[in-house]
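Since the structure comes first, as structure tokens, the remarks are kept for the end.
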Amino acid sequence: MLDDFMIRAALAGVGVAFAAAPLGCFIVWRRMAYFGDATAHAAMLGVALSLTLSTPMFAGVLLVSLLMAVIVSTLSGRGYAMDTLLGVMAHSALAVGLVSVSFLSGVRIDLMAYLFGDILAVGKTDLAIIWGGALLVLIIVGYRWSALLLSTLNPDLALASGISPRREELVLTIALAIVVAVAIKVVGVLLIVAMLIIPAATARRFSRTPETMALMAAVIGACASVAGLRFSYHFDSPTGPTIVCVVAFLFIAFNVVHTIARRMGAKLKTRRQVHE
Amino acid sequence: MLLQTRALSIRIGNKPILENINVRVDPGEIVTIIGPNGSGKSTFLRSLIGALAPSHGQITRSPGLSIGYVPQRLHIDETLPITVKRFLQLPKTSPLADIREQMANAGAPDLLNQQLMSLSGGQLQRVLLARALLEKPNLLLLDEPTQGLDHRGAAAFYRQIDGIRQQLNCAVIMVSHDLQYVMRRAERVICLNGTICCEGKPETVGSSSEFQALFGFDGDDDTLAFYSHRSHHHESGPVREAV
């Protein structure tokens, strides 16, 4: 079954969607979108590093994203605003990564593949890494769920309950680094944040608890991956961007449906009141 | 002893907020903290939960200490959907019966299925109180809990705190800006302005020159008139209201 590249691609997309969903929710709740962006950009340095040392891509990217996450977490709140620090580090890392890749002699790499992903080239090893990473992230986030949630709602309430908000933030950034590292093959450096944020944002209006929002985001992300894959096969369009287009379409469609439903609900209510 | 601070000083950045604070709280005791804006009242409570590290001095917590903390305000981000019921289950789940009991205790029984974001200021205070009670605290920290309540609501809230205190036998440290209430009903008052300027029974604090300078009272002020009225009662007989 895994010999069909379309099936491997679909499984890879679904795996990334599952891992990205709960993390994406936290990124939306904590307004950390830029943090995800920065980690993803820094990953380019990881790509260069793995090519230089001829280690597996995943290892280099994970190392650099982790480093980036930890450094930014530690430095934040010391003289520079978080977004300034992230901007300095992320774009420096991206630039250094791109320059060092160009110096590698004898290696011709397809830069586009890292910027936009190459989900159709996912092999069996890649699939194992993606699902391994996704499961790891789900286990970490599931295990710390309540503590993470309370730290997100209010750090002081967390402290009074014996939870360290700083430690929870570190857990979150580590999980984020893992997702970036496994997702790079699927949607690429530039579109990872879209897979994190858009499904979560789409689920927001239809959820009453944090758990339903995360579950809905997972379903939306997974459906968009599979649908995007089909569309890109039909129309011969680049796969990563097509998946993101489908998620973006779902976001707009859900919002339109929600607005119409609310207006109709309000109308019914007034009509009922008039009848009474 | 539940909790004790010795020579506690807190700096935020380079700015000294609290200087040389010595406070000891015993089980079941109720301590009311008053002071002008920016006098470090909230900072003091936040240092007790460990949100701010002392720049000098120390905080000793008894081994069995369990703190229920009610912050001054809680900003709920609109991106985070959460019902009251779910919020009360953070960080650990409690049986629904306990949740209903503490919501009733806090005076907000029928809010469980509402979104936290949709609550009014007073309702949110009560939900925060219920959540603090679910932790079965032996020390309750309340940061201006009557903020956003009208006079009658505030009086009811104070009565509830008294009831809760008797029921759970927990100590309370409460920040209040409600001088009328404090002078009438408090047991032990700490007047804070960067450092402790006076403390003791309301009568003692009310008559101290530091207190009068801080709150700008002259002799005719209502609160003080009321206080002297009370102390007059005290002299004429052991009439003591249940607090």
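Considering (1) touching a Leu at 6+ places or on another chain (Cβ under 8 Å); (2) on the phi > 0 side of the Ramachandran plot, say which one A:D236 fails and leave the rest.
Of (1) touching a Leu at 6+ places or on another chain (Cβ under 8 Å); (2) on the phi > 0 side of the Ramachandran plot, only one is false for A:D236: (1).
Please state which of the following conditions B:Q123 fails to meet, knowing it meets all the rest: (1) closer than 21 Å to B:I76 by Cβ; (2) within 16 Å of the chain's Cα centre (by Cα).
(2)
Take A:L229 and decide whether it is farther than 25 Å from A:M32 by Cα, in a helix (DSSP H, G or I), of a type in the set (A, V, I, L, M, F, W, C) and in contact (Cβ under 8 Å) with a residue 24 or more places away in the chain. Spell out the reasoning first.
On the way: farther than 25 Å from A:M32 by Cα: yes; in a helix (DSSP H, G or I): yes; of a type in the set (A, V, I, L, M, F, W, C): yes; in contact (Cβ under 8 Å) with a residue 24 or more places away in the chain: yes.
Yes.
List, please: which pairs have Cβ atoms under 7 Å, are six or more places apart or on different chains, and start with a residue in the stretch B:16-37 that is of a type in the set (G, A, S) and end with one that is in a loop (DSSP other than H, G, I, E, B)?
Short answer, once both residue conditions are applied: B:G28/B:N169; B:G35/B:N193.
Of all helices (runs of 4 or more DSSP H) completely enclosed by the stretch B:56-166, which ones contain at least 2 residues that are aliphatic (A, V, I, L, M) and within 13 Å of chain A (Cβ to nearest Cβ)? Spell out how you get there, then give the answer.
Details: elements: B:84-87, B:96-105, B:121-134.
So the answer is B:121-134.
Tell me which residues, restricted to the stretch B:74-121, are open to solvent by less than 10 Å² (accessible area, probe 1.4 Å) and farther than 18 Å from A:T209 by Cα.
B:M103, B:A106, B:A108, listed by residue number.
Inspect the stretch A:155-174 for any residue being within 13 Å of the chain's Cα centre (by Cα), in a helix (DSSP H, G or I) and over 30 Å from B:K136 (Cα atoms) and give the result as yes or no.
Yes, because at least one residue in the stretch A:155-174 is within 13 Å of the chain's Cα centre (by Cα), in a helix (DSSP H, G or I) and over 30 Å from B:K136 (Cα atoms).
Quick one: in the stretch A:201-228, of everything that is buried (at least 22 other Cβ atoms within 10 Å of the Cβ) and closer than 14 Å to A:V16 by Cβ, which residue is nearest to the other protein chains (Cβ to nearest Cβ)?
A:A217
Which pairs turn up if I take residues in the stretch A:175-200 that are in contact (Cβ under 8 Å) with a residue 60 or more places away in the chain and under 16 Å from A:A218 (Cβ atoms) and look for partners that are open to solvent by less than 10 Å² (accessible area, probe 1.4 Å) and not in a helix (DSSP H, G or I) with beta carbon separation below 6 Å, at least 6 apart in sequence or on another chain?
So the pair list comes out as A:M195/A:V187.
Each row is one residue, and each column tells you yes or no for (1) free of Cβ contacts under 8 Å to residues at least 60 places away in the same chain; (2) open to solvent by 40 Å² or more (accessible area, probe 1.4 Å); (3) assigned to a loop (DSSP other than H, G, I, E, B).
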position	(1), (2), (3)
A:V16	no, no, no
A:F35	no, no, no
A:L45	yes, yes, no
A:L49	yes, yes, no
A:V64	yes, no, no
A:V70	no, yes, no
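The values are calculated or read from the model by the stated rules, or taken from the named source; none is laboratory data. Model, not experiment: these values are computed from the prediction. When we count neighbours, we look across all protein chains shown, and the Cβ atoms used for this are built from the backbone with ideal geometry, even at glycine. Just so you know, the surface numbers come from the protein's heavy atoms only, side chains and all, with ligands and any DNA or RNA stripped out. Shrake-Rupley method; radii C 1.70, N 1.55, O 1.52, S 1.80 Å.
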